Each structure stands twice: as C-alpha cells, then as structure tokens.
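Engineer: So that we are looking at the same thing, I have put the structure below in structure tokens.
The values are calculated or read from the model by the stated rules, or taken from the named source; none is laboratory data. From a predicted model like this one, the values you see are computed outputs, not experimental measurements. Positions of Cβ are generated from backbone atoms using ideal geometry, with glycine treated the same way; all protein chains shown enter the neighbour counts. For the accessible areas, the whole protein counts, side chains as well, though only heavy atoms, and no ligand, DNA or RNA atoms are used. Shrake-Rupley method; radii C 1.70, N 1.55, O 1.52, S 1.80 Å.
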Amino acid sequence: MQIEKNKLKEAAFDLRFLLNRGYRKKGALQFVANKYVLNKDERNYLARSIFSDLISKKRQEKIIDISKIKDEFLLVDGYNVLITVESLYNEDYDSIILCDDMVIRDLNAVFGKYKFNNATEMALNKILDLISLYAPSYTYFFFDSPVSFSGKLADLTKKIMVGYNLPGNVCLSKTVDTEIIRLSKLKNAVVATGDSVIIDKVDQVVDIPRYILENF
C-alpha cells in the first residue's frame, strides 16, 4: 500500500476543514485528491477515515463498551468485521486505521474481492470467542450472498457458534445493510460493524476489531 504520510496528513486536514464547512464529501474529496495528486490508496484512506467533527461526534455517542452486549440481541456485519480481524492475523497492520469517528477500519475491506484464506477460521474463532465471553442473548451474523465463499463462511460460522454454545444464526442476504438496519430497530439490537452507512442509521454500535486489536 503506497501512502506518503506527510502529504496525506495535509490532505486530511484540508478535507476535514471542508467537511466542517458543510461541503459534500464526494466533491470535497475529489478537490483535495486532485490538489495533492493522491493515488488510489491515498484517496481510499481519506474516504474511509476522515469525517466532519459533527458526524464523528454523533457516531462516537453510539459506540458502547462490549460488556454491554450481555443479554442483548447482537447483529454482526460479517464481512466487515471478519476482514479487519483477518488483517490482524495476516499481520497487515498498515491497512488498519483508527478513523476520525474512533472506529477501526480496514483499507483492504473490499468485499467483492474476498478470498477464503489461512486466517479466516482463526479470525472467526477469535470473534466468536470474544462475543461468547460477553454472552449476548442472541447473535445474528450476516454475510453478503453475492460475495465469493459466503456459503462456506456461513457454514463455518454456524459450526463455530455451536462449539461455543452461542445462541444465534447466520443469514446470507443480498441486502445486508438494509436487513441489519431494519432488525436493529425491530429488536433494539446492538450492531457490530465499522460500516459508516449502518452506523449512521442504528442506535448502538460495538467495534469488535478494536477490542481484538487492543489485546492482540
């Protein structure tokens, strides 16, 4: 991943300034990227990590401590959480960033290109081990059905959940974001995700990769 840090720091400052002034992110990002002649990786970094102070504050207010998932209904944005934890096991630390809204995100999180790899089972076990430790009443994993290996991932996740005696299920869906947002309202659920679109539309969020990273 080719990122020039000094240039990127200045670009991030400018983008954040424009967002705080009310400019739309798409146009502001394009302006800043052209000004600093940013490459694809650098543009992706800014898009995923830089937000206005107002948006960052609103999202931070939704993030709860993982201990509060006890006896709650938990919805897990499968690929979003899994890919970030996989990067830890693959020692791809440069791709993992702490964003303005204090959420951990992975610059590699491009679901359409997902590949089942040596870290997959270890990452799933770590995620489910952490979840089981805090005992939600029910855990519902969602994987995007059009993505490669989603069926295999669903079966593996179910198998590991049974091993932890964790009440829950796994869903394959073409509209994961919509399903998670709908169920979060219906069940008053906690959502495990780093997806900005989902975070903005739900009430409670837990950042599982951050807890794993801090104890890795």
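Engineer: How high is the relative contact order of the chain, in percent, counting Cα pairs under 8 Å that sit 6 or more residues apart?
Structural biologist: Working: 322 pairs, mean separation 51.7, N = 216.
Result for the chain is 24 percent.
Engineer: For the modelled label position 7 Å from the Cα of Met122 along Cα-to-Cβ, which residues of region 189-216 have backbone nitrogen atoms closer than 20 Å?
Structural biologist: Label zone hits: 208-216.
Engineer: Where the centroid of each part is defined by its Cα atoms, how far is region 164-216 from region 9-60 in Å?
Structural biologist: Each part's Cα centre sits 25 Å from the other's.
Engineer: What trypsin sites (Lys or Arg not before Pro) does region 94-144 have in DSSP loop regions with at most 14 other beta carbons within 10 Å?
Structural biologist: Passing sites in region 94-144 are Lys115.
Engineer: I want to check the label-to-label distance for Asn20 and Leu54. Put each point 7 Å from Cα in the C-beta direction and report it in nm to one decimal.
Structural biologist: Each label point lies 7 Å from its Cα, and together they span 1.4 nm.
Engineer: For region 1-96, what does the relative contact order come out to in percent, with C-alpha contacts under 8 Å and a separation of six or more?
Structural biologist: On the way: 43 pairs, mean separation 28.4, N = 96.
Once normalised by length, the contact order is 30 percent.
Engineer: Holding the Cα-Cα limit at 27 Å, pick out from Lys70/Lys201; Lys115/Lys187; Lys68/Lys185 the pairs that are longer than that.
Structural biologist: Values: Lys70/Lys201 22 Å; Lys115/Lys187 32 Å; Lys68/Lys185 17 Å.
Pairs exceeding the cut-off: Lys115/Lys187.
Engineer: With +1 assigned to the C-beta of every Lys and Arg and -1 to the C-beta of every Asp and Glu, and no other charges, what is the dipole magnitude of the chain about the Cα centre in debye, to the nearest 20?
Structural biologist: Values: 31 positive and 29 negative charges, 147 e Å.
Dipole of the chain, to the nearest 20 debye: 700 debye.
Engineer: Right, another one. I'd like to check one number: the per residue accessible area of the chain, probe 1.4 Å, reported in Å² as a whole number.
Structural biologist: Values: 11280 Å² over 216 residues.
Per-residue accessible area for the chain comes out at 52 Å².
Engineer: On the accessible surface of region 108-209, probed at 1.4 Å, how many percent belong to carbon and sulfur atoms?
Structural biologist: 52 percent
Engineer: Find which of Val81, Asn34, Ile69 sits farthest along the positive direction of the dipole of the chain, computed with +1 on the beta-carbon of Lys and Arg, -1 on that of Asp and Glu, about the Cα centre.
Structural biologist: Value computed over the given set: Asn34.
Engineer: Further question on the same structure: For every other residue with a beta carbon closer than 12 angstrom to the beta carbon of Val176, add +1 if it is Lys or Arg and -1 if Asp or Glu, then tell me the sum. Mind showing how you got there, number by number?
Structural biologist: On the way: positive: Lys174, Arg182; negative: Asp77, Asp144, Asp177, Glu179, Asp195.
So the environment of Val176 carries a net charge of -3.
Engineer: May I pose another question? Once the piece of chain linking Glu61 and Asp41 is laid out straight, how much longer is it, given 0.36 nm per residue of separation minus the C-alpha distance between them?
Structural biologist: On the way: separation 20, 0.36 × 20 = 7.20 nm, distance 2.90 nm.
That pair, Glu61 and Asp41, stretches by 4.3 nm at full extension.
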